[in-house]
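Following: one structure in structure tokens, then a few remarks.
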Amino acid sequence: MATNKKPGNWKKRTLAVRAGQIRTPFQETSEALFLTSGYAYEAAEEAEARFKGEIGGYQYSRFGNPTVSMFEDRMAALEGAPVARATATGMAAVSAVFLSGLKTGDHVVAARAMFGSCLHVVEQILPRFGITTTLVDGGDVGAWENAMRPETRMLFLETPSNPTLSIVDLKAVAQIAEKHGALLVVDNAFATPALQRPMEFGAHIVVHSSTKYIDGQGRALGGVILCGQKFLDDSLQTFLRNTGPSISPFNAWLHLKSLETLDLRMKAHCENATRVADFLAGQRKVKRVLYPFHPDHPQHNLARAQMEGGGGVVAFEVEGGKKASFKLADALGIIDISNNLGDAKSLITHPETTTHQKLTPEARAVLGVTSGLLRLSVGLEDADDLCEDLEQALKVA
Ligand SMILES: *Cc1c(COP(=O)(O)O)cnc(C)c1O
């Protein structure tokens, strides 16, 4: 098998199309899907040598697969990371980082505004193994510093966060992690490497739910962990091999091919979301619009300093709480009601009663998840049609 030409100093668009490609002797132009669980050896001696690590080559798809490797190498190139490992879901990626990198007695500092299942892992699962967590307001740099303890090993954050799109200063928090010898882990699902590369600001580990914008068409689940060689060798690799959160080669192939259009799609998502945010900001029944690049967003300057675009998600608050939010959602003709995001199709959800339902009312209040808040994942339809759909639905609300 021939690997692709060396990336050298290829730009992001070229990397997204070309990086990591492995060609078989058939010289296929499109990346091959290796739908195989195992691999055969020419001789018993070869099997022995591969298991000893004396020679390269694949052994079993729980450990590695050529299609999965192509996806991992392309992701690493795009994030500017030394290495990548793909997983079955975004949550498998997050869990593997915590469970492989931490032990009893360790402490984690995490931004309070995080994906619901990530909160479950840090609040419910890690304590069972004697790993404690302090939750902080991610936007308050002093709070990160104050929460640090001698046993703090990891800092975890999402930026922009779900659903209120609050921004965390990556450079400042990375400096705190560095000073205390801890690892900064960033969930980059909302921005993708097309809009934000956390390692450029000092993050040590980046995790993704490739289910979202990387797939981009709502088809398949997947996750990615990007890290340094040392974390892979000392913690992650053995954990992944033996616990088995491996991605299906088929899903890896879908996400690998999706990367080819990631940059184009993210630009279109940003353009549409900007149009929709501007439209919503001018509506009488809309109390508040949150979009990272919108001038009304309290941290829009920080967003512009670390992101190349505001992303595809817009959050907004309507007058009239839950009742008006439900009426609006039910009246939409194009935009679907769905808790997923990052699809070509525009999707809307009411976080209070769906994604953030399990939180206490106090926890929701701290995060700004009010009864009138809606999260809109703006898709790739025509922005005029989306604004018209919202306009007629707002009349009903
Ligand atoms: C969806 C999501 C996850 C979890 O990913 P899955 O692929 O659904 O397991 C984690 N973090 C963020 C920010 C997400 O949006």
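The values are calculated or read from the model by the stated rules, or taken from the named source; none is laboratory data. In this text, all values refer to a predicted model and were calculated from it rather than measured experimentally. Cβ coordinates were reconstructed from backbone atoms using ideal geometry, including for glycine residues, and neighbour counts include every protein chain displayed. Surface areas here come from the heavy atoms of the whole protein model, side chains and all, with no ligands, DNA or RNA. Shrake-Rupley method; radii C 1.70, N 1.55, O 1.52, S 1.80 Å.
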Please work out how much length the chain gains when fully extended from Ile334 to Thr243, using 0.36 nm per residue of separation minus the C-alpha to C-alpha distance, in nm with one decimal.
28.6 nm
Counting only protein heavy atoms, what percent of the accessible surface of the stretch 263-396 is carbon or sulfur at a 1.4 Å probe?
51 percent
If I model the stretch 263-396 as equal point scatterers sitting on the Cα atoms and use the Debye formula, what is log10 I(q)/I(0) at q = 0.14, 0.15, 0.20 Å⁻¹?
-0.59, -0.68, -1.22
Between the stretch 272-296 and the stretch 73-95, what is the C-alpha centre distance in whole Å?
32 Å
Ignoring everything but the protein chains, give the 1.4 Å probe accessible area of Arg288 in square angstrom, nearest 10.
90 Å²
How much accessible surface area, in Å² rounded to 10, belongs to the heavy atoms of Lys287 with a 1.4 Å probe?
120 Å²
Taking only protein heavy atoms and a 1.4 Å probe, the highest-to-lowest accessible-area order of Arg153, Arg275, Arg50 is Arg275, Arg153, Arg50
Helix 262-281: angle to the longest alpha-carbon principal axis of the chain, degrees 0 to 90, nearest 10?
10 degrees
On a 1.4 Å probe surface of the protein chains, which of Phe316, Phe51 comes out largest in accessible area, and what is the full order?
Phe51, Phe316
Provide Phe326, Phe63, Phe231, Phe98 ordered by accessible surface of protein heavy atoms (probe 1.4 Å), highest first.
Phe326, Phe63, Phe231, Phe98
Taking Cα atoms, how many degrees apart are the long axis of helix 90-101 and the longest axis of the chain, rounded to 10 and kept between 0 and 90?
60 degrees
Could you rank the peptides 293-301, 34-42 by their average count of other C-beta atoms within 10 Å per residue, with the highest value first?
293-301, 34-42
Evaluate the relative contact order of the chain (contact order divided by residue number), counting alpha-carbon pairs under 8 angstrom at least 6 apart; express in whole percent.
16 percent
Sorted by average packing, counted as other Cβ atoms within 10 angstrom per residue and highest first, what order do 186-195, 277-286 take?
186-195, 277-286
Global size of the chain as Cα Rg and Dmax, reported in angstrom:
21.6, 75
Please give the helix 383-396 orientation as an angle from the longest Cα principal axis of the chain, in degrees from 0 to 90, rounded to the nearest 10.
50 degrees
Before I look further, what does the stretch 263-396 give for accessible area per residue, probe 1.4 Å, in whole square angstrom?
45 Å²
Against the globular-protein guess of 2.2 N^0.38 Å, express the Cα radius of gyration of the stretch 1-93 as a ratio, rounded to two decimals.
1.19
